[in-house]
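The values are calculated or read from the model by the stated rules, or taken from the named source; none is laboratory data. Treat the numbers as computed from the prediction; the structure is a model and nothing was measured. Every residue, glycine among them, receives a Cβ derived from its backbone with ideal geometry; neighbour counts consider all protein chains shown.
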Amino acid sequence: MVVTTAPDGRRLRRDKNRDAVIDALLDLFRDGVYQPSTAQIATQAGLSLRSLFRYFDDVEDLHRAAAARQIQLALPLVSLGTTPDEPTSVKIRAVAHARASLFEQVAPAARALRAAVLRRDVLTGELARNRAYLNRQIADLFAPELAGPAKSVLPGLLVLCSFESYELLRSGQGLSQAGTEDALAVALSALLGV
């Protein structure tokens, strides 16, 4: 006989409030508030400041949970949708589209992460892991094009495919998402000699 227990109401309420705090922090990032106070987060979540720390050990724990949520939301957008054996022009277009889609989704949290990285060691590690993963994707995808002397092009490819470059094109140059995607594809084509 299998005994199942109904979820504890207090546990469900706790999980709901915890999610509300994470959502509040991500909403503040989307609103351009990259270093919100705990009072701002609590207000956005509809909770008291005192109750905020019932759900998280400290602010770093909250930021860690928000980063995990953002990664979960972004995972479907990480795939490049192409393989190393495709023609270079097809791979370039796929990379430009995939990075534009990914960076549009994560931009608010990525800006906040970069603003907080100097104050929060745990976020520094997370940023380094994410960057290494995205860099490995590019290196693996363009491995056929980067054989031999052409391997010196890899650092340029990695810079072009970074969030920082995307942000400079989007915000600094005022390009639309489609315009940024096109500019990225043109730059990658030039660097790869296509």
Flagged in region 169-186 as closer than 14 Å to K91 by Cβ and either outside any helix (DSSP H, G or I) or among the small types (G, A, S) (or both), in numbering order, are A185
Restricted to region 148-170 and to residues being among the small types (G, A, S) and farther than 15 Å from R99 by Cβ, the residue surrounded by the fewest Cβ atoms within 10 Å (Cβ to Cβ) is G148
With criteria (1) surrounded by fewer than 17 Cβ atoms within 10 Å (Cβ to Cβ); (2) modelled with pLDDT of 90 or more; (3) part of a loop (DSSP other than H, G, I, E, B), E145 comes up short on (1)
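Could you tell me whether L49 is touching a Ser or Thr at 6+ places or on another chain (Cβ under 7 Å) and farther than 24 Å from L134 by Cα? If you could, list the steps in order and put the result at the bottom.
Values: touching a Ser or Thr at 6+ places or on another chain (Cβ under 7 Å): yes; farther than 24 Å from L134 by Cα: yes.
Yes; evaluated as a whole, the condition is true for this residue.
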Looking at region 27-48, can you tell me whether even one residue there is at pLDDT below 85 and in a helix (DSSP H, G or I)? no
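If we scan region 171-192, do we find a residue that is hydroxyl-bearing (S, T, Y) and more than 26 Å from R30 (Cα to Cα)? First the steps, then the outcome.
Here is the first cut: in region 171-192, the residues hydroxyl-bearing (S, T, Y) are 171, 176, 180, 189.
Filter again for more than 26 Å from R30 (Cα to Cα), leaving 189.
Checking region 171-192: at least one residue is hydroxyl-bearing (S, T, Y) and more than 26 Å from R30 (Cα to Cα).
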In region 48-62, residues that are surrounded by 15 or more Cβ atoms within 10 Å (Cβ to Cβ), under 24 Å from the mean Cα position of the chain (by Cα) and over 19 Å from L12 (Cβ atoms) total 3
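Conditions (1) of a type in the set (A, V, I, L, M, F, W, C); (2) closer than 30 Å to V21 by Cβ; (3) in the same structural domain as A139 (by TED's automatic domain parsing), marked per residue:
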position: S48; (1), (2), (3): no, yes, no
position: L52; (1), (2), (3): yes, yes, no
position: D61; (1), (2), (3): no, yes, no
position: A68; (1), (2), (3): yes, yes, no
position: P84; (1), (2), (3): no, no, yes
position: T88; (1), (2), (3): no, no, yes
position: A94; (1), (2), (3): yes, no, yes
Taking region 112-142 and keeping only residues that are at pLDDT below 80, assigned to a helix (DSSP H, G or I), of a type in the set (D, E, K, R) and surrounded by fewer than 17 Cβ atoms within 10 Å (Cβ to Cβ), one is left with R114, D121
